[in-house]
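Chemist: Once you've had a glance at the structure underneath, I'll fire off some questions.
Read the figures in this text as sums done on the coordinates, not as results from a lab. Just so you know, these numbers come straight off a predicted model, no measurement behind them. Neighbour counts are summed over all protein chains in view; Cβ atoms, including those assigned to glycine, are modelled from backbone coordinates with ideal geometry.
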Amino acid sequence: MICSVDVCDLLGVEEPNLDSPAERLKWARKRAGFDDAAQFARAAKINPTTYRAYENGQNGFARQATIFARLSGVSVEWLLGGGSMPDTDPPEPPALGEFGTPEILTDRFNIELVRRVDIRYAMGDGAIVEDYPDAGFMPFDRDFLKVLTPANPAQVFLATGHGDSMEPTIRRDALVMIDTSQNRIAQQDMIWALSFAGAGMIKRVRRLPRDRFLILSDNPAVPPQEAEADDLYIVGRVVWAGMGL
């Protein structure tokens, strides 16, 4: 419970210092019932040493803020920018019955629970990129996941592509895995989740001279587009795609 300065003084309670994102993260983590920082890090699928650097203020955590906010029951905006205290209760831990905690479940079956989000990336003409609402989790074998990408599982998410511009490589409504640790075009003609002109899409990207890029579709009926570097935001590289419908 957070009290006003006067009430804290009266009760002899130390007022929390929430002036920085690191301090707000630590407070939110404890408020959500994670007394142990390592336990919270495991729930977020982040190395505990890496996580401690976030709470100590050594590193920023803007990319991980969505995960931390969801686990601790606060908004991303408050976690990163502060403001009025959160007025919602922290989330209840998931009930997994006989299987126990998520850590026990994943360790027992050697799986990672990869976050699935409802972004509605388009593989056709594009779609406006919305905030990333959760659509649940999907289990992946840890060894298989390591074959796909060396990234921390917290940097990977699943989304559904729409449209036919990447057929036959990626079919309409296929589930795709996006690695956000790879967000710089360093290899030609790889497939990327990106935002261009306010639209989210999954395309191949080719680097051109003078800081320009060519956005390509695998469907020959869809013409390519040129983009300036400043107009292109790379969300991550597509490292896996399901069959689709």
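Chemist: Once fully extended, how much extra length lies between residue 113 and residue 84, figured as 0.36 nm per residue of separation less the alpha-carbon to alpha-carbon distance?
Modeler: 7.2 nm
Chemist: Excluding same-chain residues fewer than 8 positions from residue 26, which lysines have a Cα within less than 25 Å of its Cα?
Modeler: Within the straight-line limit of under 25 Å, residue 26 reaches these lysines: 45.
Chemist: Let me ask something else about it. Computed FRET efficiency, Cβ-Cβ of residue 59 and residue 172, R0 45 Å: what is it to the nearest 0.05?
Modeler: According to the calculation, E is roughly 0.70.
Chemist: What nm value, rounded to one decimal, do you get for the distance between residue 214 and residue 146 when each label is placed 7 Å out toward the C-beta?
Modeler: Spacing of the two 7 Å Cα→Cβ label points: 3.8 nm.
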